[in-house]
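Below is one structure, written out as structure tokens; comments come after it.
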Amino acid sequence: MEMPAREHTGSIFTLTHDPETDSIITTGRDGKMVAWTAGGRTPRQSLQLDNYYACSADVNLRQQSLLLCGVPRDNSLSPSACIFLFRRANAGSSWERVGILPRPEMKIVTAVRAIGDGSRNTFATGEQRMANSSPRKDCVCVYDASVGPFTSLQPQVPYLSIYLSIYLSIVCVCTLHPRIAQVCQ
């Protein structure tokens, strides 16, 4: 299936499948999030992220939520990194923005993944601290959006005591690992 990119005016960074609607969600450098119909020819919904674009996205079906990693389109923005949360009432409805979680101590949030069995809105992120922080570490954080206001969440398992090898410059993919799922239960 080839999808027309006419909804996006720049590079497309993410393709996320929403199995409940059998649609594809794309995000691009232009700051748009587009949910495409099952055939991929027509956009079901198009949203503009204010001053940001998303470099990673994931859907939590049981929570009817969509998570996006926000990257500023302008380097002067503060906070420089953030996480967007969208929800919908049911599979047929549109995504609505719930909130933005600022990550001011991070240079970038590079990856997001819904984790656990979906009964809670738990997710993991790959994050990179600011270059001037000491020590500079790329890290994995686990959050539970079920425990308080999304806009002020703190990692429930900060960095999982896992600091990535100095040979890796950035975390760009998160995938579910049974050990992380156990921590979040």
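Within region 90-134, track down each residue that is in a loop (DSSP other than H, G, I, E, B), of a type in the set (S, T, Y) and touching a residue at least 12 places away in the same chain (Cβ under 8 Å).
S94, S119, S133
Here's the yes/no breakdown for (1) within 18 Å of T27 (Cα to Cα); (2) modelled with pLDDT of 85 or more; (3) exposed (fewer than 15 other Cβ atoms within 10 Å of the Cβ):
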position: L85; (1), (2), (3): yes, yes, no
position: G92; (1), (2), (3): no, no, yes
position: G116; (1), (2), (3): no, no, no
position: K137; (1), (2), (3): no, no, yes
position: T151; (1), (2), (3): no, yes, yes
position: S161; (1), (2), (3): no, no, yes
position: L168; (1), (2), (3): no, no, yes
position: Q185; (1), (2), (3): no, no, yes
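Pick from region 37-51 the residues that are over 11 Å from T26 (Cα atoms) and over 18 Å from the mean Cα position of the chain (by Cα): which of them is modelled with the highest pLDDT?
The qualifying residue modelled with the highest pLDDT is R44.
Search region 8-51 for residues being surrounded by 13 or more Cβ atoms within 10 Å (Cβ to Cβ) and basic (K, R), and hand back the single one that is farthest from L101 (Cα to Cα).
Selected residue: R44.
I'm told A54 meets every condition in (1) surrounded by fewer than 16 Cβ atoms within 10 Å (Cβ to Cβ); (2) within 15 Å of the chain's Cα centre (by Cα); (3) of a type outside the set (D, E, K, R) except one. Can you identify the failing condition by its number?
Unmet for A54, out of (1) surrounded by fewer than 16 Cβ atoms within 10 Å (Cβ to Cβ); (2) within 15 Å of the chain's Cα centre (by Cα); (3) of a type outside the set (D, E, K, R): (1).
Need pairs with beta-carbon distance below 9 Å; first residue among the small types (G, A, S) and within region 39-63, second surrounded by fewer than 17 Cβ atoms within 10 Å (Cβ to Cβ) and assigned to a strand (DSSP E or B); sequence gap 6+ or separate chains.
Cβ pairs passing all conditions: A57/L15.
Would you please name the residue that is surrounded by the fewest Cβ atoms within 10 Å (Cβ to Cβ), looking only at residues in region 94-114 that are under 27 Å from A38 (Cα atoms) and of a type in the set (D, E, K, R)?
The extreme case among them is E96.
The values are calculated or read from the model by the stated rules, or taken from the named source; none is laboratory data. Keep in mind the model is a prediction, meaning the values are calculated, not measured. Neighbour counts are summed over all protein chains in view; Cβ atoms, including those assigned to glycine, are modelled from backbone coordinates with ideal geometry.
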